[in-house]
Amino acid sequence: MDYKAFSEGITRMVRPQSFPLGMKLLKDENALPEKAARPAKYGIKISLCQWTTMARRWGRTLGAVAEDINCTPCLAGLGLKRMEDSKALAEYFLDMGYLDNIELAEKATKELDPIPYGEIKGIAVFPLETAPVDPDIVLIYGTPAQMSRLASGYLYHYGELIKSRTTGFGLSCVSALKPHFTGKPALVHPERGERILAGTDESEMFMTFPARYCESLLDGLKKTHEKGTRYPVQSYMIYQPPTIKPMKSLEEKLS
């Protein structure tokens with residue numbers, strides 16, 4: 001797949017305000033792309049969502065492994081570190097006041113479906129137009145209207161409605177990576193944590209999907225564009241607005 005051409009097509013037909021991103025999920029923490037800057041370069045540790053924002057707004061190729069991340073729920077949810085107690089994440093949700101009791105916290109944890117420990121050892125994130133390696137998944141941020149446009153491109157060839165993932169409080173990083181394991185795209189509402197720590201705007205959400213869908217999704221966008229489904233949304237303008245009484249009074253004084 002020509003990811004530069006894909007990115008250019010998305011930019012032309014969907015017009016996101018930040019770069020479409022590729023993510024590579026690594027089995028070996030020493031396998032980060034050579035160009036990928038890690039947080040240690042800046043003398044810090046991070047939440048992974050910070051790196052996503054930096055990649056999509058700054059156009060940087062970035063990478064992170066467990067030792068680069070100080071967001072403990074991210075480390076647990078992505079399986080970058082082992083949880084000694086299977087209830088640890090649920091207890092964290094309860095301690096944060098996100099749920100009423102431990103039973104509900106455990107239910108939410110089960111639905112979140114954390115990535116098992118050791119499945120991934122590191123993550124590289126980069127603009128697709130300068131992809132240093134083939135991505136495993138693709139993330140595109142934008143407004144709900146732009147996400148609807150992307151969804152129509154996917155639907156054209158697959159006929160499957162896209163499900164949404166949200167917790168309302170955090171761990172959109174887990175939702176971002178899940179399509180690699182489910183094989184299905186998802187629409188994600190970034191949660192409180194990402195909006196606080198990574199500066200994701202209130203109007204933004206993102207679509208995430210396995211990279212193998214790029215070619216068919218782009219073709220679906222082109223075909224639906226040809227049939228009139230486009231972005232920006234074309235507001236209907238061919239109608240005569242009503243005139244109110246003050247406008248009619250003014251009309252009588254015009255010649």
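Rule-based calculations on the coordinates, nothing more; no lab input. All values derive from a computational prediction rather than experimental measurement. When we count neighbours, we look across all protein chains shown, and the Cβ atoms used for this are built from the backbone with ideal geometry, even at glycine.
For the pair Leu155 and Glu67, the difference between a 0.36 nm per residue extended length and the Cα-Cα distance amounts to 27.8 nm. Cysteines in the chain that lack a partner Cβ within the 4.7 Å cut-off: Cys49, Cys173, Cys214.
In the elastic network of the chain, a GNM with C-alpha springs shorter than 10 Å, the most mobile of Ile162, Ile115, Ile238 is Ile238. Label sites at Lys222 and Lys163, each approximated as a point 7 angstrom past Cα along Cα to Cβ, lie 3.2 nm apart. Computed from Cα atoms, the angle from the helix 3-13 axis to the main principal axis of the chain rounds to 30 degrees.
Taking all Cα pairs closer than 8 Å and separated by 6 or more residues, the relative contact order of the stretch 150-255 comes to 28 percent. Taken one residue at a time, the phi angles of the stretch 21-31 give Karplus couplings (6.51, -1.76, 1.60, θ = phi - 60°) of 10, x, 10, 10, 9, 9, 7, 10, 5, 8, 9 Hz. Gly and Pro are set to x.
Here Thr200, Thr143, Thr52 are placed in order of increasing Cβ neighbour count within 10 Å, fewest first, which gives Thr143, Thr200, Thr52. Take the alpha-carbon centre of the stretch 32-47, take the same for the stretch 153-200, and report the distance between them in whole Å. Here the answer is 24 Å between Cα centres.
Can you compute the FRET efficiency between Glu34 and Lys245 using 1/(1 + (r/R0)^6), with r the Cβ-Cβ distance and R0 = 45 Å? Round to the nearest 0.05.
The calculated FRET efficiency here is 0.05.
As a calculated quantity, the FRET efficiency between Glu119 and Ala5 at R0 = 30 Å, using C-beta atoms, amounts to about 0.45.
Evaluated at q = 0.22, 0.27, 0.31 Å⁻¹, a Debye calculation over the C-alpha positions of the stretch 35-79 (equal weights, vacuum) places log10 I(q)/I(0) at -0.71, -1.00, -1.18. Cross-link list Lys41/Lys81; Lys41/Lys178; Lys163/Lys223; Lys110/Lys184; Lys24/Lys227: which exceed 30 angstrom alpha carbon to alpha carbon? Too far apart for the 30 Å limit: Lys24/Lys227. Per residue, the average separation of C-alpha pairs within less than 8 Å and at least 6 apart gives the chain a relative contact order of 25 percent. Taking Cβ atoms as reference points and 13 Å as the exclusive limit, the residues near Pro144 contribute a net charge of -2, counting Lys and Arg as +1 and Asp and Glu as -1. Quick one: check the C-alpha center-to-center distance for the stretch 227-254 versus the stretch 83-130, whole angstrom. Distance between centres, Cα-based: 51 Å. For the options Gly79, Gly170, Gly159, a Gaussian network treatment of the chain with springs between C-alpha atoms closer than 10 Å singles out Gly159 as fluctuating the most. Taking each residue as 0.36 nm, the span from Lys27 to Glu202 lengthens on full extension beyond its C-alpha to C-alpha distance by 59.7 nm. FRET efficiency for the Lys81 to Thr130 pair, using the beta carbon distance and R₀ = 41 Å, is estimated at 0.85. Within the listed set Pro132, Pro241, Pro73, the Gaussian network model of the chain (springs between alpha-carbon atoms below 10 Å) gives the highest mean-square fluctuation for Pro241.
Once the convex hull of the alpha carbons of the stretch 127-255 is built, what does its volume come to per residue, in cubic angstrom? Before the final figure, lay out the partial values.
Values: hull volume 26.6 nm³, N = 129.
Looking at the stretch 127-255, the number lands at 206 Å³ per residue.
Among rounded, prolate and oblate, which fits the stretch 1-158 when a ≥ b ≥ c are the square roots of the eigenvalues of its C-alpha gyration tensor, a/c under 1.5 means rounded, and a/b larger than b/c means prolate? Oblate.
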